[in-house]
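A short write-up of the structure that comes next.
The values are calculated or read from the model by the stated rules, or taken from the named source; none is laboratory data. What you are looking at is a predicted structure, and each value in this text was computed from that prediction instead of being measured. Quick reminder, even Gly has a Cβ in these numbers, built from the backbone with ideal geometry, and neighbours come from all protein chains shown. We work out accessible area using only protein heavy atoms, side chains counted, and drop any ligands, DNA or RNA first. Shrake-Rupley method; radii C 1.70, N 1.55, O 1.52, S 1.80 Å.
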Amino acid sequence: MDKNVLTTKPILDRMRLDGRVALVTGGGQGIGRAFAHALGEAGAAVAIVDVAADRAETVVGELHAKGIDSLALTCDVTKVAPVHDMVAAVLARWGSLTIAVNNAGIGRWADAETLTEEHWDAVMNLNLKGVFLCAQAVAAPMLEAGYGKIINTASMSAHIVNRPQHQVPYNTSKAGVLHLTRSLAAEWAPRGIRVNSISPGYMRTALLETLLETPESRHLGPQWIDMTPLGRLGEVTDLQGAVVYLAAEASDFMTGNDLVIDGGYGLW
């Protein structure tokens, strides 16, 4: 190692995102909202993309209150035309796109033997096809610029089979996100794009809390916590450091990898 390499730029400066432009799908709530706040707080301008306009606008209001330049967009990420319009809107606003977080997704439970085709298609279309369509669209300006960061939201369910709920389509879709991430990383690395993923465990979001309040699912929270070595559900803030790291210069030598943030759940 060149002895001067450690004096070129301090590590905290290499974690800053000043002058960069980020896009977060599914950014109107939960994990996506936390990602958007983290990227904005680190210095990036942020486009909040959600299928619900009111959710996206709410998050933009939160970011504006922090002095973060942001834009609300609505998009169905399972369709090519809206996805390309989404990218065009970002470029029209800021002239570049440096960071894309493909986070929009859905989780549903069903027994495999009674699973409907509609259920399978809905999960696969959003969780896997949508991630690919967004990655393909955001890559165009990144490839032209010779640099970019794509971060896909996978899941610990890509690595393990959850218990006791049955969720074959979800697990399969998230495993697909992992290999999609690796495949795109290998293809685009020579042209300057880094592609990585984050795999959350059970995270305390409004949607999860609503689910765990139902009589049929109330027992799951304590069971999941008992199966997690760190002894709690994750908070969305537990994921923020990972997304900033993967978006920043500090991770420029990392591509095709997955950061599992599950409180140790997958260790058993």
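Of note:
- Scanning segment 181-232 for residues that are under 23 Å from Ile106 (Cβ atoms) and acidic (Asp, Glu) yields Glu209, Glu213, Glu216.
- Segment 5-19 - residue that is assigned to a helix (DSSP H, G or I), at pLDDT below 95 and not polar (S, T, N, Q) and, of those, surrounded by the most Cβ atoms within 10 Å (Cβ to Cβ): Leu6
- Restricting segment 257-267 to residues that are in a loop (DSSP other than H, G, I, E, B) and surrounded by fewer than 18 Cβ atoms within 10 Å (Cβ to Cβ), the residue that is farthest from the chain's Cα centre (by Cα): Gly264
- Scan segment 50-59 for residues that are aliphatic (A, V, I, L, M) and either at pLDDT below 95 or in contact with a helix residue (DSSP H, G or I) (Cβ under 6 Å, 6 or more places away or on another chain) (or both) and the total you get is 1.
- Residues that are of a type outside the set (S, T, N, Q), assigned to a helix (DSSP H, G or I), touching a residue at least 24 places away in the same chain (Cβ under 8 Å) and touching a helix residue (DSSP H, G or I) at 6+ places or on another chain (Cβ under 7 Å) within segment 164-186 comprise Val168, Pro169, Tyr170, Lys174, Gly176, Val177, Leu178, Leu180, Leu184, listed in sequence order.
Matching residues to (1) touching a Cys at 6+ places or on another chain (Cβ under 8 Å); (2) outside any helix (DSSP H, G or I); (3) open to solvent by 60 Å² or more (accessible area, probe 1.4 Å):
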| position | (1), (2), (3) |
| --- | --- |
| Leu207 | no, no, yes |
| Thr210 | no, no, yes |
| Thr214 | no, yes, no |
| Ile225 | no, no, no |
| Leu230 | no, yes, yes |
| Gly241 | no, no, no |
| Tyr245 | no, no, yes |
